[in-house]
Amino acid sequence: MTSNSFELCTLKAHMGVIATHTKEISTMTTQVYTASALAAGTLFMIVALLSLGL
């Protein structure tokens, strides 16, 4: 009985860690997408300005 409850506690702890990592990963993914969008937007603006300039 004791080992089962210990395993259950360990499992709960692992689930918590996994949930935290999942949140971190989704946050990082969002940041990467945002950075990529900003970089693409900046690049597009530079190209557009150069095209108008020339």
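Extension gain for THR34 to ILE46 (0.36 nm times residue separation, less C-alpha to C-alpha distance): 2.5 nm.
Given a 1.4 Å probe and the protein chains all in place, what does the accessible area of VAL47 round to, in Å² to the nearest 10? So the heavy atoms of VAL47 present about 80 Å² to solvent. Accessible surface computed residue by residue for the chain, with neighbouring protein chains in place and a 1.4 Å probe, gives 93 Å² per residue.
Within the accessible surface of the chain, defined with a 1.4 Å probe on protein heavy atoms only, the carbon and sulfur portion equals 77 percent. Legend: translational diffusion of the chain by Stokes-Einstein, Rh = Kirkwood radius over C-alpha pairs, 4 °C, 1.567 mPa s; D = 88 µm²/s. For LYS23, the accessible area of its heavy atoms, probed at 1.4 Å with every protein chain present, is near 140 square angstrom.
The values are calculated or read from the model by the stated rules, or taken from the named source; none is laboratory data. Fair warning: this is a prediction, and the values are worked out from it, not measured in the lab. Areas reflect the complete protein model, heavy atoms only, side chains present, ligands, DNA and RNA absent. Shrake-Rupley method; radii C 1.70, N 1.55, O 1.52, S 1.80 Å.
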